[in-house]
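In what follows, a structure is listed as structure tokens, so that the remarks can point back to it.
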Amino acid sequence: MSDQISELLGIVRDEIRLYRDLTDHARQKTALLKQGCVEDILESNKTEEAFNDKLRALESEMVRLGRDLSHAFRIPREEFTLMRLAQSLEPSLALEIQSQAFLFRNIIKHLKAVNQRNMRLIEQSIRYSGGVLALISNARGSYKPTGLFEQVPNIQPRFSRSA
């Protein structure tokens, strides 16, 4: 049982490290989004996918361990959390699990905040791109199919004599 708790703590610590790295990466991505270099952003996305693959693997292990521990401690599966598990453990282990859960929660909050900022930058970029495309598509009406600029006929201004 103690081995499973140690394994669980190891996974939680690994996830915390990965989420910290992912948060740092998301901050770097903020700078890339501000610069607008598409190639660098695409490369950043590949790195992000690698982080996510590692997190998925850790989550799979966490689910397996959670299932085993919920059964061992007779905690209903739908109620199993780290905090609930801590209630069933000796004080020293409980304190360690609670502190790791707290760290885990905080790093997730930080990552969420950085990702929201990045999302706003992406949305602004999309709006800007849409505006540029609208401008270009409206300007397109002044060009001939050959690509040459079409002459707009001169329009003589008309003034009302009664004005």
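The values are calculated or read from the model by the stated rules, or taken from the named source; none is laboratory data. Since this is a predicted model, take the numbers as computed values, not measurements. Backbone-built Cβ (ideal geometry, glycine too); neighbour counts: all protein chains shown. We work out accessible area using only protein heavy atoms, side chains counted, and drop any ligands, DNA or RNA first. Shrake-Rupley method; radii C 1.70, N 1.55, O 1.52, S 1.80 Å.
Distances over 24 Å make up what percent of all Cα-Cα pairs in the range 25-133? Cα-Cα pairs in the range 25-133 separated by more than 24 Å: 47 percent. With the highest mean first, a sort of the peptides 46-54, 25-33 on other beta-carbon atoms found within 10 angstrom per residue produces 25-33, 46-54. The phi torsions of the range 29-35, fed into the Karplus equation with coefficients 6.51, -1.76 and 1.60 and a -60° offset, translate into couplings of 5, 4, 4, 5, 5, 5, 6 Hz, rounded to whole numbers, with Gly and Pro shown as x. Put simply, the convex hull of the Cα atoms in the range 1-76 casts, on average, a shadow of 5.7 nm². 3J(HN,Hα) couplings calculated from phi for the range 69-83 with the Karplus curve 6.51 cos²θ - 1.76 cosθ + 1.60 (θ = phi - 60°) are, in sequence order, 6, 5, 5, 5, 9, 6, 9, x, 3, 6, 9, 6, 9, 4, 5 Hz; Gly and Pro show x. Summarising the label geometry, the points placed 7 Å from Cα in the beta-carbon direction at Arg13 and Arg56 lie 2.7 nm from one another.
What does a probe at Glu96 reach in the range 1-19, counting residues whose amide N is under 15 Å from the point 7 Å along Cα→Cβ? Hits in the range 1-19 for Glu96 at 15 Å: 1-14.
Across the accessible surface of the range 1-60, with the other protein chains kept in place and a 1.4 Å probe, carbon and sulfur atoms take up 48 percent.
Mind checking the full-extension length gain between Leu121 and Asp68? Use 0.36 nm per residue of separation minus the Cα-Cα distance, one decimal, nm. Don't skip to the end; give the middle numbers.
Numbers: separation 53, 0.36 × 53 = 19.08 nm, distance 4.25 nm.
Full extension of this stretch gives 14.8 nm more.
What is the dipole size for the range 2-118, taken about its Cα centre, with +1 at each Lys and Arg Cβ and -1 at each Asp and Glu Cβ, in debye to the nearest 20? If you can, show how the numbers build up before the last one.
Working: 18 positive and 19 negative charges, 98 e Å.
With only Lys, Arg, Asp and Glu charged at Cβ, the dipole is about 460 debye.
Each peptide in 56-65, 70-79 was scored by the mean count of other Cβ atoms within 10 Å over its residues; highest first, the order is 56-65, 70-79.
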